[in-house]
Every structure is written in C-alpha cells, then in structure tokens.
1. Within segment A:494-503, is even one residue touching a His at 6+ places or on another chain (Cβ under 6 Å) and closer than 24 Å to A:Ser206 by Cα?
2. B:Phe246: within 13 Å of chain A (Cβ to nearest Cβ) and of a type in the set (A, V, I, L, M, F, W, C), yes or no?
3. Pick from segment A:83-108 the residues that are farther than 30 Å from A:Asp278 by Cβ and either surrounded by fewer than 17 Cβ atoms within 10 Å (Cβ to Cβ) or not hydrophobic (A, V, I, L, M, F, W, C) (or both): which of them is modelled with the highest pLDDT?
4. Give me a count of the residues in segment B:310-351 that are surrounded by 15 or more Cβ atoms within 10 Å (Cβ to Cβ), more than 30 Å from B:Leu283 (Cα to Cα) and either at pLDDT below 80 or within 14 Å of chain A (Cβ to nearest Cβ) (or both).
5. Scan segment B:42-64 and report the pairs whose first residue is under 20 Å from A:Arg214 (Cα atoms) and at pLDDT 90 or above and whose second residue is surrounded by fewer than 20 Cβ atoms within 10 Å (Cβ to Cβ) and among the small types (Gly, Ala, Ser), with Cβ atoms within less than 7 Å and a gap of 6+ or a chain change.
6. Restricted to segment A:257-292, and to residues that are in a loop (DSSP other than H, G, I, E, B) and in contact (Cβ under 8 Å) with a residue 12 or more places away in the chain, which residue is nearest to A:Asn95 (Cα to Cα)?
7. Can you find a residue that is touching a Pro at 6+ places or on another chain (Cβ under 8 Å) and more than 12 Å from chain A (Cβ to nearest Cβ) anywhere in segment B:29-46?
8. I'm checking my understanding of the structure. Among residues of segment B:216-243 that are more than 19 Å from A:Ala490 (Cα to Cα) and crowded, with 19+ Cβ neighbours inside 10 Å, which one is nearest to the other protein chains (Cβ to nearest Cβ)?
Amino acid sequence: MARYLTRNRLRRIYKWGGFPVSHDRKLKTDEYDSLHISLEDLPRTTVITNGQYILIEGVDDDHPYVAKVTKLIESDKKKKALVQWFARVGEVPPNKLKLLGREPHPQEIFYYEGPTCEDEIDVESILNTVQVHQSLLDDLRSSSDEEEEPQEEEEEEEEEFCASQASMRTPRKTPVKKATPTTPRTPRHATPSIPSRSLPARQPGSALEEARARLHVSSVPESLPCREQEFQDIYNFVESKVMDGTGGCMYISGVPGTGKTATVHEVIRSLQRASDADDVPAFNFIEINGMKMTDPHQAYVQILQKLTGQKATPDHAAALLEKRFSHAGPKKESTVLLVDELDLLWTRKQNVMYNLFDWPTRRHGRLVVLTIANTMDLPERIMINRVASRLGLTRMSFQPYSFKQLQQIIMSRLNKVKAFEEDALQLVSRKVAALSGDARRCLDICRRATEICEHTSLDPGAPGLVGMSHVMQALDEMFSSAYVTAIRCASVQEQLFLRSVLMEFRRLGLEEATFQQVLVQHQALCRVEGLQPPSVSEALAACQRLGACRLLLLEPSRLGVLQRVRLNVSQDDVLYALKAE
Amino acid sequence: MSKRKLKDSPMPIGECISQVQTLLRERLCHQQLPQRPEGVDSQHKHLMELLKRTAVHGESNSVLIIGPRGTGKTQLLRCVLAELLAEEDVDKTLLQVHLNGLLQTDDRIALKEITRQLSLENVVGDQVFGSFAENLAFLLEALKKGDRSSSRPVLFILDEFDLFAHHKNQTLLYNLLDVSQSAQTPVAVVGLTCRLDVLELLEKRVKSRFSHRQIHLLPSLSFSQYLQAVQAQLHLPDTTFPDTTFCYDWNASLKALCEDKSVEAVLLRHFNSTKDFRSLHRLLMAILCRVSVNNPTIKPADLLDASRLLSADAMTNVLHGLSILELCLVIAMKHLNDIYDGEPFNLQMVYNGLRAPAAAGGGASRGRGGGGGGAGPARVPTGEAHAGPQPDHGGAAEVPPVPHRCQAVGRLRLRLGPEEGGREERRVLHLGLPRRVCSGGGLVLCVTVRHLSQSLRQLYQHAERFYQGKPGVKLVR
C-alpha cells in the first residue's frame, strides 16, 4: 500500500530561557544562552544550552542528524541555532569509511567539516538532546599526516526519547590516517531511502535455502572463476595507466550475462585494495550506465556529480569536465570511468562519445575509460571515424561461457554446499551453453530447480538433493513455449477459427487472408461439425481474442471484416495442437 | 440471541431480493475475492512461495503471469496478496507499487507514480521534483542504498506488462530487473500480460536480467466444471444468508435451472464461444437484473432472453432501424458489392442499381437520371412523381426521386442507424465526402459497403420483418 503522510504528531513548543545575553547591532540578532522545548500538554521540558549535542529532524525518522549547538540566536523574530554537524557512520561514504582503518562502532559519530553544509538551523527542527562521550583528541593531532586537518572523533551513546538502555562503553581511540569529512553529501540533502524493515530478514535455514541464496545472481562470489585471463588483461591495462598517470580507452564486448560488468568491478575492487596498500596511486572510480539515464547528455551530469558533487545542466557539466580534464591540477588523482551499455550513448552527432574518448587523450586528462557493450562490432557499426579512432584498438571480447565453465561457476558459488546431483548440474550447464551461454540464466534455472525439489519432496524436513527430474521440470517451465497449450485450452469456436484460417491459407496459397474470407470457411466448418454457426460479431470477438494472445496477427480492428489475418505460430504447431485431442 | 431470532423469522421477500442482489452483484463485479481461485492450485502455490520469499527472506525475484484475458490473472495475484498480507509482520514490511501499462504510458509517468506510491517524494521536503532524469537517478539511488536484510522489500506489479516493453529503450524494465538481479533493496517484479510472445518483446539485455519465471494461466476447465462454476457463482451461502427458507428455495431452483436441457444448450453455446469468465459474468449479471419481487427465482426463459440479448449481432441490429429508402440503398450496394467484388463504387452506380429492380417491379422503365446538372435537383419521373424524398410518406417501395446528391448524402448520414450521429451509422455505410467534382459539375460520391457479410436473402428477410404490414409498402424482390 502506498503511504501517505497524514499523521498528526504532538506539537513542540519552543521558548527562550531567560533574557537575551547580548545583542549584535550589525546583524540585528539577539543571543540567548538556553532554549526550552516542551511538548504540548506535557509538563516535561528540555533545556538546550550552548555546547550541547542535539538530534535534528531529517530525512530518516529513525536516524535523525546529530549536531552540537554553538550559538542560540534570534533574528527577524525567528529562533535560530548555529550548529556544528556530525556525521553518523551511515552517512559517511564507504570508501571514506575505509580510511578509518578499523571497524567503526555503529553509534559512532564523526566531526563534519564540509563547507557545503549550512550551519544555521531553525530551532523547530531540533528534536531532543543526546549524550555524547568524547574520546581523547590529543592523540590524533600527532598522527602522521601533518598537512591534513586533524579529525575529532567522538563516540556517542544515543539517548532516544525515552530510551533507558544506554550502555556504558569505553571510549576507543584509533589513529586516523586521513581526514574524512569530505562527504560531498550534506546531511540536509541526503539521498532518500526505502524505509528499513522492523524485523530482520530471515536467514536461510536448510541446505537448499542456503544454496538458493548463494545461487542468486546478486550474491557477490568470492572469486570470479573462468574469467582469469580477462581479469588479468583489464587489471594490467588499468594498473599501468594509473601508475603512469596517463589515460586510455578500452572497449569490452560480449553477449549479456557473460560477466563483463562483474569482471570490471572485480578489477576495481582489487585495484582499490592495492591502492589502500599504497601499491598503486589512489584513483577515483566512477560508473555510469547508458540504460540508467534518460538522455545521453545526462552522462556529463552524472560524471560531474560523482566526481565533484556539483549539480549542473548537461551543457554546463560538459564545459566543466572539459576544463577539468584539459588542465593540469596541483595534486590530481587518476579517474577510472566505467561506461556500461555504451550503445545507448549514441547521438546523431556522437558528441557524447567523442568527448568521452577524447578526454583520455589529453595530456593532463589522467582518465581511463572502460566501455562495455553487447555487440562486438559496435565501433565499426555506429561510430563515425573520428570517434572510433579515439576509442582505439584496445578491445576485448567476452565469449559466452562453455558448459564446463558454467558448471565451474555454479560449483564455486555453491562452495561445498551439497544440494545438487552431479548429473543435474551438467544438464543445466549443457543446456544453457547450447542456448546462450548466459550465466544468469544458468543460476536462475538452478534456483528454480531447488524450489521444485523442495515442493516435490515427500519429507519436508529433508528434501534431499536436486536431481535430473527437477532440473528438467525447471528447464521445461522456462523455455517451453505456451502456444500449443494455449491452443489446446482455447474455446471450441476459437479452435475452429484457427482451423478455418489454415483452410483459407491452403485455398489461397498465401499466408494471409481477410477476416471475411476466413469467416466463410468458419461458418462452413461449423455446419460440418454440427454446431450453430456464429454471427459476425461472435466470430470477430473470437478472432480478437486470438489476436490479443498473439496467436494471430491482426490489423487494427477498425477495419472490421476487411482486416487481414496472419498466423503468429507455425501451421504445424496449430495442426499438432488441434490433432492431439 | 437476537441474531438467531433474526435468522429464524422469515424476512419480507423484498428484503431477501435486495440481499441477493447486493451479494451476487459484488461477486459478479469482481469486488469480492473468492476464498481461493479454483483450478490454479499449482500456480497459486508458486506465486505464493515466491512473494513470501521476497517478503520474509528479502530475496529479489521477477515473474510473469501470462494468460488470455478473463482467466483470472489479476484475481490470482489479488488472492495471493490478500493471503500474504494476512500474515503478521508481512503487512508491515511489504511495500507495494501498482503500475498499469495503460495508465503509465511512458517511463516519465511511471517513475512519478513509483515515487509517489513509495512516498519517497516528500522525503526531500520542499524540493520540487523536476526533471525525468533527476527522478530516475533519485529512485535508483534510493533502491541502491537498501540491502537485503535491512530494507523493506518492494513489490512492483506491472499490469499490461507488454505495454511497458514499448517504452523508449525499455529503461524502466531494465532498471527494475537490474535491481532484482543485484544486491540492492529486495524487490519482486510481477508482470501480468495476455501476450504469449511477451519475452520476444524484451531487448536482449533486459531479457537476460529477467529470471524467466513464467506462470501460465490457461483456462482448462471442461463443460461440467463450467456448469459447476456457473452454479457456484449464483449459489447463496447457507450459513450467512439471513433468511434460511429463501436461501433454500433459491439454491434448489438454481439446481433445477442448471439441469434444464435448454439452459444447458445455451450455456454450452456460450462455453463453446469463449471461456472468458468476464463474459460469463456479463451473462449472469443480465439474468440477475431480471430477479425481482414478482420473479424471485431464475427461470430458464430469463437465461434464454439474456443470452439472446448478449449474442445479438451488432450489425444486424443496425439494419433493423433503417428506413425503406436506406434499406433499398443497402440492398443495391450489396448487389454492386457482389458484382464488383469489393471494389469501391459511386452513388450514381448505386442509384442505377436501385432503379433497375424497382423499375421492374413498378412496371415503368425510365432513362437514367441525374447525369449532368449539378445546379438543380435531378428529377426522375415516377408514377407518383412528387412523393418527395421522404420514403415513409409516399410509396416507398417505388423509387423516390433522387434528390440533389448533396442533400441525399446529408439525409443518409443523419438517418442511418438507431442514434443520430452514433457509431453504427458509419459502420454500415461508408459514405465518403465528395471526392471529386465530375466534369459535368455534379458531385460523385464513392460509396463502399462494409460489414455487409450477410447474404442478400437475409437482408430481404430483415426488411420484410420490419416493414411488414405498413401501409403503402410493397417490397421488391
């Protein structure tokens, strides 16, 4: 059900405590030293003073923002507070979080120094006070990186509105390598999220459920088997460019489900590990997907936003990026850009693709572009010469998986969870390899087979292994066409109509007839069968129903009896379906 | 105590009838879900398991429910959802997004609708949601932030799934299915469609991301099951209906009705023509409308009447309302249609064709009229020359004088069909606008006969039935 915000909540009343302490004549503001918050109809009041930590209403009701009050002022008859923001663990981007070098406590908060965030807030957004335990700060100042700003680190015990389970924790201290508060995202404009569930998702219980969870396409495998060569090639390419501080392009092609995107992601993951260990210089990784944008020019906007956090119109973003990639910066990191579904970035003048491939060739670009598409000959087919030439000849094509590889993929995913019979796995992988070599398909079939196994087993406690019969059934469900069954299940008049279509085709020697011609046959056939011939409307309705399931292809129905009828199934299928009765 | 008393005491008949009407109308108008859809147990189980795994385990899935119209796809889904939401902690967990391909005709509208239904839009407070690109990025980011174990699962229901495949680049489908195949917020994408070839519509990268689970719903009932279904649809519940005696009588009469031979024949004809449950419900609704205080049970005659009403041919109905002149024109056109084998012809040819048999009947053979003059009405001298163009007034069977052709067109267009300006009129005769001006200055009209698949004999029969006994009418054979 859709949620609508019609909830009434208790109104809070905000009052200054005492009289103004001082008055700023320039800004025309009064400063106070305390604020009283009380709930309507409730006697309890909360007092907020300078230096206190508070919770501020935000996007997420469960996780309000945390800040520290620095000043309480009244300007223009409006009550304001100047605050110092703190970021929760969840608000810090994961790649920055890694720099911490240890597992953060879930209740931990971080000093936030982003310049983008406004520090003046309306007092009416203050929810409550919160207790924060500070760890020792002095140690941090002596950390290795002198030129970076030192980072304060606080540990927070959150006191929700009437929470009483505040456990005492010893404050932890850890050296922090770098300052982290460079989140591009301000707490005020954080991205929205799907609300979190009240009960945690149930974990898989039996071996089959475990297998199913592992076989889901989304589960990230420990390693990517069967793509070692490709992995190594891409790794070497990106690593060398990043090391040298130059730029380059690579084109990766392959049919869907052959692990193109997964391999590139794996490469980036290991490169990031290497850069954390200082083996490789640090680099930015940006990913865009042609399918995930509405217009090719949005690519500029997305790249710019991911690179700098700025928002701009496509034209402006293109200009900014142009400037960024063509001028040398004082301390510029390399950028690795992954462009997925490249063919969607095609425009008539191809300027998006041109720019993407031109920036790496600039002297100060330091941009590595990895492009992914489905077709091997995309550069030749859709790109004009100057674009194709800039893309270069570094190409790689991912071959569809062979059955042995598919089998290995499933085995490595299952990782010794014993759920499948050996033969069953082989059948799946042979079948998929023969059809498409799409690993996604293979995993989906296996997943479905485990379900079938679970349903058909006599003893629900111990379902046993997935065997040939289960796999066969899953394959049948996924690949068999329903045309024959649909014809068999159709009503008598619909079947007769199909038969008369065939008769008319045979009479005309064509694969097309008008409804009127078929109707004559249909009525004759009804008389032969001893049924009352249908009226025109009834026959037309039957014809339209067959057209709606696409057993027949019809012209628009406004043509009435003159519309032409074609079959969408082979004649043999129709005959087979009708004869079998 | 009082309840039992109420149940025992006979209610006035009017009260009972209105109860029956409310109860059955709810059932026939698909407002009330059945306990469990019949004959689709395996499909029900499959879908139930699938959605349950999404709701409880946070596993992402995608599935298509395919079946011809009126086989209960939506009903199946609604039943499963009702059952699923009845379980505690699922109803608080599962978020639902309902989309329909006929309403959300492009991705922009669909995205707006998704953000609205997920109530993500108010999250940014006063920020105005502008562009399509922002919306897409926003939704994708929201979905990406979630993960399997902590986010609430989202159920996307795409009705008329095949229409979403016609959106530009299939962006929405790609993104939804991509989320279902990656470690983001758990989603279940359920598509409903009546096209059997729907998978061929998907682009290959979209297709690869679809899990290829298909639940086929095909009507496989036999005629005896169909009869039982009819009976079940009209059956009154013994336990909950307030008046037991009325309920007993009703159910007994219903049983007798279904055993009647003529009723069985009507239902068999209906069954042969379509297995669509909606069309059965239409028939039963027509019967239900006849139930009143004077007619408290359903009689076989009611069913026959209702069936005749519903299966009447629309084209034939239109012919019933034609005047003699119009009918004569139609007959003449039918002749010409046979002669020219469906090629178009003009009004002049129709007029000539009209005159020939009429003249033979009237015993007066005249020369062709109205060849040249566009200025004045071309007159054809007939026996009663000034009968005027109104066929009802004068000797209609005789050829009326041909009025000015433009007038004739106007009149024909107005008077054809039962309603003025109704659709039927145009479906019988395609009277084109004047296409070109003849060399002589007269307007020549192209007239094509459409939808005239009845034989000429049938046309005459209709004419006879309609005009029999009217004074001054003599039918021409």
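The values are calculated or read from the model by the stated rules, or taken from the named source; none is laboratory data. Just so we're clear, the structure is a prediction, and the values are computed from it rather than from any experiment. Every residue, glycine among them, receives a Cβ derived from its backbone with ideal geometry; neighbour counts consider all protein chains shown.
1. no
2. Considered against the rule, which asks whether it is within 13 Å of chain A (Cβ to nearest Cβ) and of a type in the set (A, V, I, L, M, F, W, C), B:Phe246 comes out as no.
3. Across segment A:83-108, the extreme among qualifying residues is A:Gln84.
4. Of the residues in that region, 3 qualify.
5. Listed pairs, sorted by first residue: B:Ser60/A:Ser218.
6. A:Ala282
7. So far as segment B:29-46 goes, yes, one or more of its residues are touching a Pro at 6+ places or on another chain (Cβ under 8 Å) and more than 12 Å from chain A (Cβ to nearest Cβ).
8. B:Leu234
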